[in-house]
Amino acid sequence: MPTASMAAIVHYALEKYAVELREVPLPGDPADDEVLLSTRAVGVCGSEVHQYHNTHSWPVNIPVILGHEFTGVVTAVGKSVRGFREGDRVVSETAAYICGQCAYCRTGEYNLCPQRRGFGNGMNGAMADYVRVPARCLHKLPDPVSFEKASLTEPCCVAYNATCVHTRVQPGDSVLVLGPGPIGLLCVELAKLAGASWVGVAGLKQDAARMKVAEALGVDRTLTEGEEQIREVVKSLGDGLGVNVVIDAAGASAALKTAMAVVRPGGQITKVGWGPQPLNFSLDPLVQKAIRLQGSFSHNYRMWETILTLLASGKLDPMRIVGRVETYPNWRPCFDGMASGEIVKAVLTPSHVNG
């Protein structure tokens, strides 16, 4: 292990493009309940692209090292840690800090802890050579799962929570996903695994490259012409009353308006995309149709174990949405490619290891 500094991708100011690759001090020895990881792969999240563009709607403690979708090898273990040892291949959850005492922490819903702080915005993340991680965040990697694939465990868990826990897609359901970004397309994969009979994806005209990925995933229809086109397509399905499920992975307020227009009476809308815009439209359709509208945020231990099982089995393959795998010095084209829609997802790897 180096003795002085390490490479890290740092968000250093609340300004547009205030992200750069820096040499920073090593994180130091792990605390009693922590491990030190040598990072092997880090997924680039859309939230980090938003932070790069200063369009995020959540608090960020700058300066902060980015990266919350990560995997690595244990290189040092705190004296109170049990179940992990040096050399273990692991993947980490994102809740860098939780209080451990509130009702949510005590019942396993620590993703909802009011004091929760995440890697990459609340605390230093893993777009660095090394990162300190609470041992409670770790899961051992199954042998068949590569580091690159493991770095996508976190967004898979986000999509699983939205699609299979909050929404509970049933065999035979029709599902429309709004937004062909990483979470939206992972929701597509999981809806198909859950038995949906029809899955469509709606996006914008500039999402052409992402829509090609959606087609490769086997969606039944891609839609880029807006709400009227979606309405017409939905009318052609079954009894024409609407889709059973809409998953809003777009975040823009207009997406929720579209969701209410095309979901069937008694249907479900799950909002997993973030967006700071005010609504500026009536919620009366929510009442008139008796729609169930819910948010979905993050994940917990059980979901991680489920996703790791699916990754190991090969039944879920998030690498199909990855457009670039680069080392840290090439981080900018990855961020820019995701922002432009040229690629859906990117994975970064440290320069000091070979996987």
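Derivation of every value follows stated rules applied to the coordinates shown; laboratory data play no part. All values derive from a computational prediction rather than experimental measurement. When we count neighbours, we look across all protein chains shown, and the Cβ atoms used for this are built from the backbone with ideal geometry, even at glycine.
What the table below lists for this structure:
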quantity: Förster-model FRET efficiency, 25 Å R0, TRP58 and ALA216, C-beta, rounded to 0.05; calculated: 0.20
quantity: Summed side-chain charge close to TYR12 - residues other than TYR12 whose Cβ falls under 10 Å, Lys, Arg +1, Asp, Glu -1; calculated: -1
quantity: Amide H contacts under 5 Å for THR327, placed H, 5+ residues apart; calculated: THR349
quantity: Sequence of ASP317, ASP32, ASP173, ASP239 once ranked by neighbouring C-beta atoms within 10 Å, starting from the fewest; calculated: ASP239, ASP32, ASP317, ASP173
quantity: Shape category assigned to segment 159-295 from the gyration tensor of Cα positions, a/c cut at 1.5; calculated: rounded
quantity: Reach of LYS315 by Cα under 23 Å, taken over lysines that are not fewer than 8 positions away in the same chain; calculated: LYS140, LYS149, LYS192, LYS212, LYS345
quantity: Karplus-derived HN-Hα couplings along segment 81-86 (A = 6.51, B = -1.76, C = 1.60, θ = phi - 60°), whole Hz, x at Gly and Pro; calculated: 7, 10, x, 10, 9, 4
quantity: Hits among aspartates and glutamates - C-alpha to C-alpha of LYS235 under 13 Å, sequence gap 8 or more where chains match; calculated: GLU227
quantity: Computed FRET value (nearest 0.05) for GLN288 with ALA13, which takes r as the C-beta separation and R₀ as 45 Å; calculated: 0.45
quantity: Mean ellipticity per residue at 222 nm, deg cm²/dmol - from DSSP H runs of n ≥ 4 across the chain, formula -39500 (n - 2.57); calculated: -7000 deg cm²/dmol
quantity: Cβ-derived FRET efficiency at R0 25 Å, GLU109 paired with ALA254, nearest 0.05; calculated: 0.25
quantity: In degrees, nearest ten, helix 331-340 long axis to first principal axis of the chain (Cα); calculated: 10 degrees
quantity: Computed Rg/Rh of the chain, alpha carbon atoms with Kirkwood Rh; calculated: 0.97
quantity: Degrees, to the nearest 10: 253-262 long Cα axis against longest axis of the chain; calculated: 40 degrees
quantity: CYS99-ASP32 pseudo-label distance in nm [points 7 Å out on the Cα-to-Cβ vector]; calculated: 2.2 nm
quantity: Dipole magnitude of the chain, debye to nearest 20 (Cβ charges: Lys/Arg +1, Asp/Glu -1, about Cα centre); calculated: 560 debye
quantity: Sorted by Cβ density within 10 Å, fewest first, the residues VAL158, VAL133; calculated: VAL133, VAL158
quantity: Packing-based order for 273-279, 339-345, using average beta carbon neighbours within 10 Å, highest first; calculated: 339-345, 273-279
quantity: Highest-fluctuation residue, LEU112, LEU283, LEU310 considered, GNM on the chain with Cα pairs under 10 Å; calculated: LEU283
quantity: Residue of LEU293, LEU190, LEU176 that the Gaussian network model of the chain assigns the largest fluctuation, springs spanning Cα pairs under 10 Å; calculated: LEU293
quantity: Candidates TYR328, TYR52, TYR301, ranked by Gaussian network fluctuation over the chain, Cα under 10 Å, top entry; calculated: TYR301
quantity: Built amide H within the under 5 Å cut-off of LYS271, gap 5+; calculated: ASP248, GLN294, GLY295, SER296
quantity: The chain: antiparallel DSSP beta bridges as a percent of all, rounded to 5; calculated: 55 percent
